[in-house]
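Coordinate-derived values only; no laboratory data. Since the model is a prediction, treat every value here as computed from it, not as a measurement. Note that each Cβ is placed from the backbone with ideal geometry, even for glycine, and that neighbours are counted across all protein chains shown.
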Amino acid sequence: MDAGKGTASLEKAFDLLEAIGLAPEGLDSQLLAGRVNLPRSTLYRLLGLLVDRGMVRRDPTSKRYRLGFRYLEMVRGAWLEPDLVAAASFELRSLRDLTGETAYLAIREGDQVLSLERCDGAHTHRSAAAMGQSKPMYCTGQGKAILSAMGEGERRDLIKRMQLVPLTPLTITDKHRLAIEVEVTRARGYAIDDEEIAMGIRCVAAPVVDGSGQVRGALSIAGPAYRLDRDRLELIGPEVAASAQRVGSQLAVRQNPSNPDVLQPLSDRWAFLGGLPRWSERESCLYWADKLGPAIYRHDDKGTEKIFQSERPISGMELTSNGLFVAADEEFFFIVDGAVRSRGHYGFGAPACICTDRDGRLWAATRMSGGAWKVGEVKRDGTLNSHWQFSEAVSALAWDSQNGQLFALAADSGTIFRLERAGQVRRFATLPKGSGLLSGLAVDEKGSIWTALSGGWSIVKFDREGNLERMLGVPVSSPTDLCFGGVDGASLFITSARQAVSRDALKTAPWSGTVMSTPADSRGTPAAITRGPA
């Protein structure tokens, strides 16, 4: 094909896509012919090609052409910051509903800000900046908000390189004055655009900052100056700042792409039902169990070895000053150096799960004869001093050393409980069953609560108030338990199950049943969790 003719055909196809994309209700062939001024033969040939490629679709009822799903899929794939857009959607609608004005999400692109998402206001006369439109940082609320959250050196260098061109009589064109404006923004938590980019339009914005302190973008409210006077901007500003903080708390922390640390199995050793990972600081090793195998394993820098084989399924395991305490169906063992040092029988029935507190005391959950459940301290004589009672099965316990309190997991209802003094039980967090079966509990050094979602390919983190802070995918369908350990407690260890995984599923989840680990940052957040080999 002649290059000139090929270019002409491309231009005609782009004209068609643009015309269809700018018509929310779609266009029939007659309207399209009028819009793009093409011969009918050329029009139908190009439309046929675009429909075949999925870039355009024809509504069978109205006979109108609209953008196709393939086009929308490509646009979605090209979006920057998809997690940011998803996290911000609810807050944008809330800000719109709160103020009646248009809410925006923007990110930095060089010394510009780029609009990623918009939630239109309720008024006919409103701000309506185009999606994908770039604007200078120095004269926009979004830009000044992002500048205020940047590191001092990076911000200073960026302002130094900027050309402050006056776009209105109110545009800040002095770099020293801009730096002061940014410092004011940093102090109060939000930025104001006082008709600096367009006369008659005002804006208030706040930076979106993730858990690592990295600025990811900005939320803003914009509208006509007669509705958004300075007094109203001062009232709206804190609301925008609060929304931006909530968005930032939902974002995964960005990692250096050169960081090679990813979730990896400790070894090729796998379990039917892995669980009960426990890190020994004294020995610098990880203990874990195959609860159905049943056996106890030990892993250190020399490798993984089986140290104990049980005749009965294992329900609990804890590190104590007397050795490794292992709870089985009807009796318990103390294991030292791989050998059973002592054993005994419970005076309260077999525990379903156990944990130790910071003082080395042992806590257990067990089912009573009437069907209720109780949680309490295991005494030296093997009896249970009951502190709390439950109407549902308790499948995991975890001690929060920082705050001196116990957490219990009821997998059937997907609920985590906080156990308080005087026998009080508080509902801490709940996840729907569609998320997966809650399995195992761990508390990081900041007091955040972690659990695995067996059948859900994920682990989740709750903040200290019980809010879902983060959900992280793992390369196995059934993670079962987790713990923190390693040097300075900076690694996360995750056990998993293999017994219910089909052969076909093992092709996509070959690490099922293994123990996986990943380094963690100083806040107890996994540094990198990625999908394993397909």
Point to revise | Calculated [θ] (222 nm, deg cm²/dmol) that DSSP helices of n ≥ 4 give over the chain, each run adding -39,500 (n - 2.57) | key: -7500 deg cm²/dmol
Revision key, fill the gap. Pseudo-spin-label distance residue 162 to residue 426, built 7 Å along Cα→Cβ, given in nm, is 4.4 nm
Exercise for review: Can you tell me the FRET efficiency between residue 392 and residue 134 if r is taken as the Cβ-Cβ distance and R0 is 45 Å, rounded to the nearest 0.05?
Suggested key: 0.25
**Study point:** Between helix 69-78 and the chain: long-axis angle, C-alpha atoms, 0 to 90°, nearest 10
**Key:** 70 degrees
Exercise for review: Specify the angular offset, from 0 to 90 degrees and rounded to the nearest 10, of the alpha carbon long axis of helix 175-188 from the longest principal axis of the alpha carbons in the chain.
Suggested key: 40 degrees
Study note, to complete from the structure: Distance in nm between residue 381 and residue 31 label points, each 7 Å along Cα→Cβ, equals 8.6 nm
Study note, to complete from the structure: When 221, 201 are arranged by how many other beta-carbons sit within 10 Å of their Cβ, fewest first, they go 201, 221
Study note, to complete from the structure: At R0 = 22 Å the Cβ-Cβ FRET efficiency linking residue 152 and residue 249, nearest 0.05, sits at 0.40
Practice item. Counting other beta carbons within 10 Å of each Cβ, put 311, 283, 101 in order, fewest first. Key: 311, 283, 101
Exercise for review: Quick one: grab the alpha carbon gyration tensor of the range 399-499, order the square roots of its eigenvalues as a ≥ b ≥ c, and give me rounded if a/c is under 1.5, else prolate or oblate depending on whether a/b is larger than b/c.
Suggested key: oblate
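In what sequence do 301, 15 fall when counting other Cβ within 10 Å, fewest first? Let's see the in-between values first.
Details: 301 6, 15 16.
Neighbour counts put them in this order, fewest first: 301, 15.
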Review point. If the cut-off is 28 Å between C-alpha atoms, which lysines fall inside it for residue 160, apart from same-chain ones fewer than 8 positions away?
Key: 135, 144, 175
Revision key, fill the gap. Charge dipole of the chain built from unit charges on the beta carbon (Lys, Arg +1; Asp, Glu -1), centred at mean Cα; most positive-end Cα among 489, 317, 215 is 215
Review point. If you find the alpha carbon centre of the range 322-379 and of the range 446-519, how far apart are they in angstrom?
Key: 25 Å
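Could you tell me the calculated FRET efficiency between residue 268 and residue 339, based on Cβ-Cβ distance and R0 = 22 angstrom, to the nearest 0.05?
The pair residue 268/residue 339 has a calculated efficiency of 0.25.
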Review point. Distance in nm between label sites at residue 61 and residue 403, each 7 Å beyond Cα in the beta-carbon direction?
Key: 5.1 nm
Revision key, fill the gap. Computed over the range 287-368, the relative contact order (Cα-Cα under 8 Å, seq sep at least six) in percent reads 19 percent
Study note, to complete from the structure: Expressed as a percent, the portion of alpha-carbon pairs in the chain spaced more than 35 Å apart is 52 percent
**Study point:** Net charge contributed by nearby residues that have their C-beta within less than 12 Å of residue 64 (K/R +1, D/E -1)
**Key:** +1
**Study point:** Cβ-based charge dipole, the chain, positive-most Cα from 505, 334, 92
**Key:** 505
